[in-house]
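Asks: First the structure, which I've put down as structure tokens, then a few questions once you've had a look.
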Amino acid sequence: MPVSKNAFKRYSLLDNAIRRKKYPTLENLLDILEDEGYPVSVSTVEKDIETLRSKFSMPIAYDRLEKGYYYTDKNAYFDIPITNNDVETIWLALDKLSLFRHTEAFSNVRDSLERIMTRLEIDLNKRDKFTEKIIFYEPLPAFAGSEWLSVLYDAICECHSVSFTFNAYANVTSHLIEPYILKEYSDRWYVIGRENNVPVVFGLDRINELDVKKELFVRDKNFYDDMRSNIEHSIGMFNFEKRNHPVQIGYDITLADEIKAKKFHDSQHTSSEDSEEIVISMNVKMDEELLKKAVLPYGYKAKIYGPGFAVSMVKRTLMKALDNYKKD
């Protein structure tokens, strides 16, 4: 029978207590588990200790004089079992996190993973030649605005406000915001936050003179949840003022396999399909980004059925495109 995650957490807490405390008693161990949110019975703790001895070969002994537990080997340490797939997952995660390699948070993560890998006698810098560098992530760290990515990441984690100037082409403005989220779209990164209690979005490539303030702001969970919902219901960029709409788009049946494989949004599903057409439905914020991704690239083989204003958007876009050829 597999060991539950709760059991592994209890084992780790027991191991830590026995290593750090001088002969913790059974009562001490019970109190420690309860303080950490794992209240259990005496028999459970006794079984956990026996499991640590038998299944994980932990050299736990009981000192009758001290009336507590100790390790006969001071170098003993409880290791959570890890598979080859787990190791590869760690490597892949580090590859992706390398984008944030200058952040304090990433440094701490790598240090922790280094200790785990060392316990397994695995060098994080040495990988099998057939698995190294087979996945490449974009944008690369040298993209425009990349110098602000790690700074903003740390500011978000530590709840520090940031100030900066924003170059919107010929218009330069100054801002002081509470940063909440970083988002990548089409090889550009954006910081999303709150300024004067209003949600705002700024492209990192147009930010200058960024400064992290010493003052802390109180993270508003409701505000964050609203922003996250807006982002998750948007395709591409996002407009906090728009609301969600049920959207239906039909495609020529020759595109059925491609459309099924290429999800434009998590809410996307096939609402109908016959010998001529496949129709998909989704609940998203209807804007030009959706048209650019899900309608216009497919030309005459795509047709949007609703909502009505979305149909009008497509018509206006196509009419403007036709205007470019009136003189030809």
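The values are calculated or read from the model by the stated rules, or taken from the named source; none is laboratory data. As the structure is a prediction and not an experimental result, all values here were calculated from the model. Positions of Cβ are generated from backbone atoms using ideal geometry, with glycine treated the same way; all protein chains shown enter the neighbour counts.
Asks: If you scan the range 41-76, which residues turn out to be in a loop (DSSP other than H, G, I, E, B) and closer than 14 Å to Phe8 by Cβ?
Replies: Hits for the range 41-76 are Lys55, Phe56, Met58.
Asks: A follow-up question, please. For residues that are part of a loop (DSSP other than H, G, I, E, B) and in contact (Cβ under 8 Å) with a residue 24 or more places away in the chain, tally how many sit in the range 252-287.
Replies: Counting residues in the range 252-287 that are part of a loop (DSSP other than H, G, I, E, B) and in contact (Cβ under 8 Å) with a residue 24 or more places away in the chain gives 7.
Asks: Still on this structure, please answer the following. Considering the range 46-63 alone, what residues qualify as being at pLDDT below 90 and surrounded by fewer than 13 Cβ atoms within 10 Å (Cβ to Cβ)?
Replies: Scanning the range 46-63 gives Ser54, Lys55, Ser57.
Asks: While we're on this one: Please go through the range 281-300 and give me each residue that is surrounded by 15 or more Cβ atoms within 10 Å (Cβ to Cβ) and over 35 Å from the mean Cα position of the chain (by Cα), ordered by number.
Replies: Answer for the range 281-300, where residues must be surrounded by 15 or more Cβ atoms within 10 Å (Cβ to Cβ) and over 35 Å from the mean Cα position of the chain (by Cα): there is none.
Asks: Could you go through the range 186-194 and let me know if any residue there is in contact with a Leu (Cβ under 6 Å, 6 or more places away or on another chain), surrounded by 17 or more Cβ atoms within 10 Å (Cβ to Cβ) and not assigned by TED's automatic domain parsing to the domain that holds Lys292.
Replies: There is at least one residue in the range 186-194 that is in contact with a Leu (Cβ under 6 Å, 6 or more places away or on another chain), surrounded by 17 or more Cβ atoms within 10 Å (Cβ to Cβ) and not assigned by TED's automatic domain parsing to the domain that holds Lys292.
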